[in-house]
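*Asks:* Mind having a look at this structure? Questions to follow.
The values are calculated or read from the model by the stated rules, or taken from the named source; none is laboratory data. All values reported here derive from a predicted model rather than from experimental measurement. So basically every Cβ, Gly included, is an ideal-geometry build from the backbone, and we count neighbours across all protein chains shown.
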Amino acid sequence: MADVIEVGAARDDAPPSAAKAPRRGATAGRTGRATPYLFLAPYLILFGVFGLLPIILGVWLSVHQWDFQLPNRPFVGLDNYKQLFSSDSAVFGDWWQSVRATAIFTLLSVPLLVVVPLGLALLLNRSFPGRTFFRAVYFAPYVLGVAVIGLLWRFLLDANLGLVNRLLGVVGLPSDTPWVTNMPWAWISLVGVTVWWTSGFNAVIYLAGLQDISPELYEAARMDGASAWQRFRNVTLPGLRPVLLFVITTTVLASANMFGQSFLITQGTPGTETRTVVWFIVEEGLRNNNAGRAAAMSLVFALMLVVVSIANFRLFRYKED
């Protein structure tokens, strides 16, 4: 009986820390649940400051007549949007001309920027001496900035002093082609320069996708007597389907946002035929001091790209078996 009393006394005299142990466990559990949000916090802060906040500010600007030179910025509601779709407004013609120019460039450049890098990736995926060197050579132009590319090709394509026309004259071809001033040569120049400049990036993406395709699939296809085209159609393309979705989507968005090549190489000529949407938005907001209308254009253009991206995802959606 005395032993039982002593044990009970010992339990009653237990240190307070033993009784608080569950509280420490609960605190640790709460801290553990908060850990993912702590890791996400830097991204969420950056996204809020540089992503969400500009969108909110753009919507607010688009419903005001925002002129940097005037002290008052009156609320105009949806007038800035209505002017883009009203044929009697002063900006209607120029706006839709820039949309047309952007659509032309996108339709001309995207197929080449999807097919040409795929062909390069198929070649560079083979084993041959100097493969790493050629991979670096094809990717090298992509590391150059648009200012370097624009100024370089502006001089190379000059109708009078450009090296391109001089080389064409040496081989007996016409040496007075107006590459940057007349149609359709201006579009040929812009698309050609863009394909040369950015194909290396898409080729690297394709290479990564090709290396994820199991060689056993190709071996099985060869054993079944499949030709090279049949292996490409039935093994390579299905294996690259998610990569194709990524490449097509990013290429469409990049081509639709083209600005530097047109601004530096053709300078919008002839007339405003090669003035894209982004260029027109910059001109309207900064040169004409109408940030409200420029914000409305930006939001309308963004919605257009969202629709195109959704259509692309629905067309090339990828489902795991």
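*Asks:* Mind counting the residues in region 80-93 that are more than 30 Å from the chain's Cα centre (by Cα) and of a type outside the set (Gly, Ala, Ser)?
*Replies:* Residues flagged as more than 30 Å from the chain's Cα centre (by Cα) and of a type outside the set (Gly, Ala, Ser) within region 80-93 amount to 1.
*Asks:* For region 148-179, what are the residues that are of a type outside the set (A, V, I, L, M, F, W, C) and not in a helix (DSSP H, G or I)?
*Replies:* Hits for region 148-179 are ASP158, ASN160, GLY162, GLY172, PRO174, SER175, ASP176, THR177, PRO178.
*Asks:* Another one. Select from region 236-261 the residues that are closer than 15 Å to VAL110 by Cα and of a type in the set (Gly, Ala, Ser) and list them in ascending order.
*Replies:* Passing the criteria: ALA254, SER255, ALA256.
*Asks:* Return the residues of region 91-147 that are of a type in the set (Lys, Arg) and assigned to a helix (DSSP H, G or I); say none if nothing qualifies.
*Replies:* ARG100, ARG131, ARG135
*Asks:* Now for a different question. Restricted to region 290-321, and to residues that are within 27 Å of PHE68 (Cβ to Cβ) and of a type in the set (S, T, N, Q), which residue is modelled with the highest pLDDT?
*Replies:* Top of the filtered list is SER298.
*Asks:* Ok, one more. Can you tell me which residue within region 38-80, out of those that are among the β-branched types (Val, Ile, Thr) and in a helix (DSSP H, G or I), is nearest to GLU284 (Cα to Cα)?
*Replies:* Per the stated criteria, the residue is VAL59.
*Asks:* Mind counting the residues in region 254-282 that are under 22 Å from the mean Cα position of the chain (by Cα) and either in a helix (DSSP H, G or I) or crowded, with 20+ Cβ neighbours inside 10 Å (or both)?
*Replies:* Total meeting the criteria: 19.
Results for (1) under 17 Å from ALA296 (Cβ atoms); (2) surrounded by fewer than 13 Cβ atoms within 10 Å (Cβ to Cβ); (3) among the basic types (Lys, Arg); (4) out of contact with any helix residue (DSSP H, G or I) (no Cβ under 8 Å at 6 or more places or on another chain), shown as yes or no for each residue.
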{"residue": "LEU61", "(1), (2), (3), (4)": "yes, no, no, no"}
{"residue": "ASN72", "(1), (2), (3), (4)": "no, yes, no, yes"}
{"residue": "ARG100", "(1), (2), (3), (4)": "no, no, yes, yes"}
{"residue": "THR106", "(1), (2), (3), (4)": "no, no, no, no"}
{"residue": "PHE133", "(1), (2), (3), (4)": "no, yes, no, yes"}
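*Asks:* Considering each of THR181, THR236, THR194 in turn, give the residue that is surrounded by 17 or more Cβ atoms within 10 Å (Cβ to Cβ), within 30 Å of GLY268 (Cβ to Cβ) and not hydrophobic (A, V, I, L, M, F, W, C).
*Replies:* From the options THR181, THR236, THR194, the qualifying one is THR194.
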